[in-house]
Amino acid sequence: MKVAVLALQGAFIEHEQVLQHLGVETVEIRQLRDWQSCYSHPVGGQADAVAGLILPGGESTVQMRLLRELGLLAPIRQAISNGLPVFGTCAGMILLSEGRLGTMDIRVRRNAYGRQLGSFHTIGSVKGIGDDVPMTFIRAPYIEEVTSADCEVLSVVDGHIVAARQGRQLATAFHPELTEQQAPSGELSTASRDISRQSLLDNDTRLHQYFLSLCE
Ligand code: GLN
C-alpha cells in the first residue's frame, strides 16, 4: 500500500516514519505534479496510486496559503470528496474543517488551549482503539462542534472533542506520530527535528493502523 503525505510544512517526516515502520510506502506531496502522478480516480483504479492521504500538523494558515498558491487545494478537496481516505492531525485537522477544505463537518477552534497549556501530553480514550491512547497536544485546536450526524465523535478530553471520523476521514487534535518524550515545551519545530528511530519504534501506532484500515 502507498500513502501520500502532504509535505509543504510541519511534522510530515514523523508520519512517513510511522507509515514506513508499518510497511507502508509513502509519497511526499510538495507540488501539483507530485499529486497528479500519484492520485487516480476512482480510488483504487490505478495499481500504483495512493490509497490515502495524511495532512500533518504544523501551521494551518501557512499550509492553506501554500495549498492555494500551488494549485493543490481544489484537487485535494475533490479527491477527498471522491472518497480518498484522509487523516488530518492538528493543523491537518484544521485543514479538513469548515471554512478551509471543508470536507469534514466540524468547526474547530485554533490554539484553543491558550499559550501556557498549548503543549501537553495526556492519555485518553479513543473509540475503536482503546482507553490508553497517548496524546501529544502542541498549540492544539479542538473541535467546537460537529455539525452533521455523519461525523462521529471518537474522543473527548476535558470536555473538548479531540478526535472525529466522517466516513473515511479521520481527524485528531493531537499528534499520534509524536511520543511523550518528543513533546516539546513549546515549539513544533523542536519536536520535528529531535525524533529518533528508537523512540519511533516505541511509538503507539494504533491510530495510523486505524487510518490504514480505512484505506483498504
Ligand atoms: N496552532 C497550529 C495551527 O493553528 C496547529 C499546531 C499543530 O499542528 N501542532 O495551525
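Observations
- Electrostatic tally near residue 151: other residues with Cβ closer than 9 Å to its Cβ, Lys and Arg +1, Asp and Glu -1, net -2.
- Farthest toward positive dipole pole in the chain [+1 Lys/Arg, -1 Asp/Glu at C-beta], among 23, 130, 172: 172
- Stretching residue 147 away from residue 125 to a fully extended chain increases their span by 5.7 nm, per 0.36 nm per residue minus the current alpha-carbon distance.
- Here the range 83-160 and the range 15-67 have alpha carbon centers that stand 20 Å from each other.
- Under the simplified labelling scheme, the residue 65-residue 209 pair shows an inter-label distance of 4.0 nm, with each label point 7 Å from Cα along Cα→Cβ.
- For peptides 28-35, 138-145, sequence by mean Cβ density within 10 Å, most packed first: 138-145, 28-35
- Electrostatic dipole magnitude of the range 2-215 [Cβ: Lys, Arg +1; Asp, Glu -1; Cα centre; debye, to 20]: 540 debye
- Long-range amide H partners of residue 29 with built H, under 5 Å: 5, 6, 7
- Other residues with beta-carbon under 9 Å from the beta-carbon of residue 125 carry, at +1 per Lys or Arg and -1 per Asp or Glu, a net charge of -1.
- Other residues with beta-carbon under 14 Å from the beta-carbon of residue 30 carry, at +1 per Lys or Arg and -1 per Asp or Glu, a net charge of -3.
- Residue-averaged 222 nm ellipticity for the chain, from DSSP H runs of 4+ at -39500 (n - 2.57), nearest 500: -8000 deg cm²/dmol
- The peptide list 89-99, 153-163, put in order of mean Cβ contacts within 10 Å with the highest first, becomes 89-99, 153-163.
Each reported figure results from applying straightforward, stated rules to the coordinates on display, with no laboratory input. Please read these numbers as outputs of a predicted model, since none were measured by experiment. Heads up, the Cβs are rebuilt from the backbone with ideal geometry, glycines too, and the neighbour counts pull from every protein chain shown.
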